[in-house]
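Everything below concerns the one structure shown next.
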Amino acid sequence: MSLLSDVRSVSSKLSTPQLLHYVIAERFPGKTIVSASLRARSIAVLSMVAEIDPAIPVVFCRPGHLFKESFDYRERIVDALGLTNITESEGRETRIQAGDLAHCERMWSESEDAPGRTFQLVQLNETLKPYDCWISAVYHMARPSNVRKRVDVEGKLIRIDPLLSWSSEDVHRYLSERNVPLHPRVRRSKSARPRPAR
């Protein structure tokens with residue numbers, strides 16, 4: 001049985017927190033990394049992994065300017081969850097390791113000087129090199145059509161997409177139950193929605 005088949009077999013009936021515990025604490029201890037953003041889905045994953053191992057390596061992907069409210073929110077989340085091993089990547093790691101594939105997150109990037117946003121590939125080849133398991137949790141954009149399983153293989157890595165089947169309602173319920181705050185922009189956009197007529 002291949003490593004991928006074995007991990008899939010063990011994890012097929014596990015809940016998302018159980019799957020994360022399995023790969024972080026049992027199957028790939030010390031060899032798992034999380035890529036993250038400030039989207040609600042990503043924060044939900046960070047909340048789960050922090051309960052398992054707050055020292056797990058977390059790389060925040062930042063292809064463009066990080067506005068002050070986003071920087072402040074990131075600091076608040078890191079502190080609230082007790083995460084202790086945080087780095088950041090602008091995604092310029094274009095060199096692919098021998099025998100491997102390119103590893104990247106797909107993100108929207110905002111500029112400090114111009115309105116609107118652009119699509120960026122945040123390449124993480126150097127950052128992911130020391131690891132065997134990658135928990136991909138940026139969630140800026142819809143997953144590519146070839147990403148259909150929570151557990152997959154990408155080059156030399158086992159890639160975990162923990163919230164592949166979660167709805168937005170599932171994510172917000174999870175965060176609300178744990179009193180994990182949303183990004184200020186999300187809160188503002190929700191409060192600005194018109195109330196239904198009565």
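Would you check which residues across segment 104-136 are outside any loop (DSSP other than H, G, I, E, B), small (Gly, Ala, Ser) and at pLDDT below 95 and list them? Explain how you work it out, then say what you get.
First, the residues of segment 104-136 that are outside any loop (DSSP other than H, G, I, E, B): 104-110, 117-128, 133-136.
Restricting the remaining residues to those that are small (Gly, Ala, Ser) gives 109, 136.
Within segment 104-136, just 109 meets the criteria.
So residue 66 passes all but one of these: (1) surrounded by 14 or more Cβ atoms within 10 Å (Cβ to Cβ); (2) touching a residue at least 24 places away in the same chain (Cβ under 8 Å). Which condition number does it fail?
(2)
Looking only at segment 158-198, which residues are open to solvent by less than 100 Å² (accessible area, probe 1.4 Å), modelled with pLDDT under 90 and of a type in the set (D, E, K, R)?
Within segment 158-198, 185, 190 meet the criteria.
Looking at this structure, is residue 154 at pLDDT below 95, closer than 25 Å to residue 47 by Cβ and open to solvent by less than 70 Å² (accessible area, probe 1.4 Å)?
So residue 154 fits the description; yes.
Specify the residue that is most open to solvent (accessible area, probe 1.4 Å); the eligible residues are those in segment 18-38 that are among the hydrophobic types (A, V, I, L, M, F, W, C) and not in a loop (DSSP other than H, G, I, E, B).
Let us first name the residues in segment 18-38 that are among the hydrophobic types (A, V, I, L, M, F, W, C), namely 19-20, 23-25, 28, 33-34, 36, 38.
Now restrict to residues that are not in a loop (DSSP other than H, G, I, E, B): 19-20, 23-25, 33-34, 36.
Values: 19: 0, 20: 0, 23: 0, 24: 10, 25: 51, 33: 7, 34: 0, 36: 0 Å².
The residue in question is 25.
Taking the criterion of being open to solvent by 20 Å² or more (accessible area, probe 1.4 Å), under 28 Å from residue 170 (Cα atoms), in contact with a strand residue (DSSP E or B) (Cβ under 8 Å, 6 or more places away or on another chain) and modelled with pLDDT under 95, would at least one residue in segment 44-60 satisfy it?
Taking segment 44-60 and keeping what is open to solvent by 20 Å² or more (accessible area, probe 1.4 Å), we get 51-55, 57.
Still in the running and under 28 Å from residue 170 (Cα atoms): 51-55, 57.
Checking the rest, the ones that are also in contact with a strand residue (DSSP E or B) (Cβ under 8 Å, 6 or more places away or on another chain) come to 57.
Next, from what is left, pick out any that are modelled with pLDDT under 95: none.
No; the residues of segment 44-60 include none that is open to solvent by 20 Å² or more (accessible area, probe 1.4 Å), under 28 Å from residue 170 (Cα atoms), in contact with a strand residue (DSSP E or B) (Cβ under 8 Å, 6 or more places away or on another chain) and modelled with pLDDT under 95.
Of these, 83, 101, which one is open to solvent by 70 Å² or more (accessible area, probe 1.4 Å), in a loop (DSSP other than H, G, I, E, B), at pLDDT 90 or above and closer than 23 Å to residue 161 by Cβ?
Details: 83 fails: open to solvent by 70 Å² or more (accessible area, probe 1.4 Å).
The unique qualifying residue is 101.
Restricting the search to segment 137-149, which residues are under 26 Å from residue 25 (Cα atoms) and either buried (at least 19 other Cβ atoms within 10 Å of the Cβ) or modelled with pLDDT of 95 or more (or both)?
Residues satisfying the conditions are 137, 138, 139.
Being over 15 Å from residue 183 (Cβ atoms) and among the charged types (D, E, K, R) narrows it down to one of 41, 27, so name that one. Let's see the steps before the verdict.
Values: 41 fails: over 15 Å from residue 183 (Cβ atoms).
The conditions single out 27.
So which of 41, 8, 76 is part of a helix (DSSP H, G or I), exposed (fewer than 14 other Cβ atoms within 10 Å of the Cβ) and touching a residue at least 40 places away in the same chain (Cβ under 8 Å)?
Working: 41 fails: exposed (fewer than 14 other Cβ atoms within 10 Å of the Cβ); 8 fails: exposed (fewer than 14 other Cβ atoms within 10 Å of the Cβ).
Sole residue among the options that is part of a helix (DSSP H, G or I), exposed (fewer than 14 other Cβ atoms within 10 Å of the Cβ) and touching a residue at least 40 places away in the same chain (Cβ under 8 Å): 76.
The values are calculated or read from the model by the stated rules, or taken from the named source; none is laboratory data. Here the structure is a predicted model, which is why all the values come from computation and not from measurement. Virtual Cβ from ideal backbone geometry, glycine too; neighbours counted across all protein chains shown. Ligands, DNA and RNA are stripped out before the accessible areas are found, and what is left, the full protein with its side chains, is counted by its heavy atoms. Shrake-Rupley method; radii C 1.70, N 1.55, O 1.52, S 1.80 Å.
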